[in-house]
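All remarks here apply to the structure that follows.
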């Protein structure tokens, strides 16, 4: 059942977001694994369209929040509001109380507001004035951000980046794909026409099934070899944390399920290494706008140097 549902999800998103098959595949892997997705690239390349298409396809409660420099934490989490007629305070939940939160241009707001999402992303709950409130399942943040060198951006701190399971670049489409985009948009925005192919209960069930995917000890050791190599690499000042290693493990399970298998193979790990780990390591002396490219080169060199289990 899960394989059929996953194929429908991917096909539905790809029908509205053309030429982004790999980005869609990795995003679906993160969603199935219960992780959050960060889409990073220049404006106008389809980041928001991809996020909206994923949200509409899942058939879950969806909220879009545009991040701006004057956005406050209470604009995300909610606040206690005084009611004069009763003389009491009433909690009004913010946009975070949803299933799929589209955090559009997340790095256009201040670090203080960015950090308001930390607890919800890591523990699926929010704490306001001492009261802790759980969020509904599933809860997924799909965030977009512009490159750091763009005007009016605030780089996400490392602890915030670490909460995203994958970080993806959308990239420019080729000429043939862009011509098809013209055709698709003749009658309006394609994502507006998308219909849900699943529902909340099915998404939760898919996330629970990921736990049953088998990971051989040799594949686990391969993941640990990659993680350990990042911690010892001379060009890295910060390697992959234990949370990052666990995230790679969970993502590999989800990748196997998306590909229709009940076991993880080394290729799953190799395909996920860059989107899962590149934003978690810090290169020595690297400026932020060139970090991802350099991090990818280092991770590729690490994988090339390791023996892949049979």
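Within region 161-173, one or more residues are surrounded by 13 or more Cβ atoms within 10 Å (Cβ to Cβ), part of a helix (DSSP H, G or I) and in the same structural domain as residue 115 (by TED's automatic domain parsing).
Please tell me if residue 214 is touching a strand residue (DSSP E or B) at 6+ places or on another chain (Cβ under 7 Å) and surrounded by fewer than 12 Cβ atoms within 10 Å (Cβ to Cβ). Please lay out each step first, then the result.
Numbers: touching a strand residue (DSSP E or B) at 6+ places or on another chain (Cβ under 7 Å): yes; surrounded by fewer than 12 Cβ atoms within 10 Å (Cβ to Cβ): yes.
Yes: the conditions hold for residue 214.
With respect to residue 81, determine if the residue is without any contact (Cβ under 8 Å) to a residue 40 or more places away in the chain and either under 20 Å from residue 199 (Cβ atoms) or crowded, with 18+ Cβ neighbours inside 10 Å (or both). No, not satisfied.
If you filter region 104-113 down to residues that are outside any helix (DSSP H, G or I) and touching a strand residue (DSSP E or B) at 6+ places or on another chain (Cβ under 8 Å), you find that the one that is nearest to residue 208 (Cα to Cα) is 104.
For region 179-188, taking the residues that are on the phi < 0 side of the Ramachandran plot and without any contact (Cβ under 8 Å) to a residue 40 or more places away in the chain, the one that is surrounded by the fewest Cβ atoms within 10 Å (Cβ to Cβ) is identified as 186.
So that you can scan it fast, the table gives a plain yes or no per residue for (1) in a loop (DSSP other than H, G, I, E, B); (2) assigned by TED's automatic domain parsing to the domain that holds residue 43; (3) out of contact with any strand residue (DSSP E or B) (no Cβ under 6 Å at 6 or more places or on another chain); (4) under 27 Å from residue 248 (Cβ atoms):
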{"site": "90", "(1), (2), (3), (4)": "no, yes, no, no"}
{"site": "102", "(1), (2), (3), (4)": "no, yes, no, yes"}
{"site": "115", "(1), (2), (3), (4)": "no, yes, yes, yes"}
{"site": "121", "(1), (2), (3), (4)": "no, yes, no, yes"}
{"site": "143", "(1), (2), (3), (4)": "no, yes, no, yes"}
{"site": "153", "(1), (2), (3), (4)": "yes, yes, yes, no"}
{"site": "159", "(1), (2), (3), (4)": "no, yes, yes, yes"}
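Sort out which residues of region 180-197 are more than 21 Å from residue 61 (Cβ to Cβ) and either in contact with a helix residue (DSSP H, G or I) (Cβ under 9 Å, 6 or more places away or on another chain) or part of a helix (DSSP H, G or I) (or both), and write them in order of number. Steps first, please.
Residues of region 180-197 that are more than 21 Å from residue 61 (Cβ to Cβ), as a first pass: 180-188, 190.
Those that are more than 21 Å from residue 61 (Cβ to Cβ) and either in contact with a helix residue (DSSP H, G or I) (Cβ under 9 Å, 6 or more places away or on another chain) or part of a helix (DSSP H, G or I) (or both): 180, 181, 182, 183, 184, 187, 190.
Here residue 299 meets each of (1) more than 30 Å from residue 7 (Cα to Cα); (2) in contact with a helix residue (DSSP H, G or I) (Cβ under 6 Å, 6 or more places away or on another chain) with one exception, condition (1).
Criterion applied to 297, 209 was being touching a residue at least 60 places away in the same chain (Cβ under 8 Å) and either surrounded by 14 or more Cβ atoms within 10 Å (Cβ to Cβ) or closer than 29 Å to residue 41 by Cβ (or both), and the one residue passing it is 209.
Filtering 73, 84 for residues that are outside the structural domain of residue 249 (by TED's automatic domain parsing), more than 30 Å from residue 174 (Cβ to Cβ) and in contact with a helix residue (DSSP H, G or I) (Cβ under 7 Å, 6 or more places away or on another chain) leaves a single hit, 73.
The values are calculated or read from the model by the stated rules, or taken from the named source; none is laboratory data. What you see is a predicted model, and the numbers here were worked out from it, not measured in a lab. Reconstructed Cβ throughout: ideal geometry from the backbone, glycine too, with neighbour counts over all protein chains shown.
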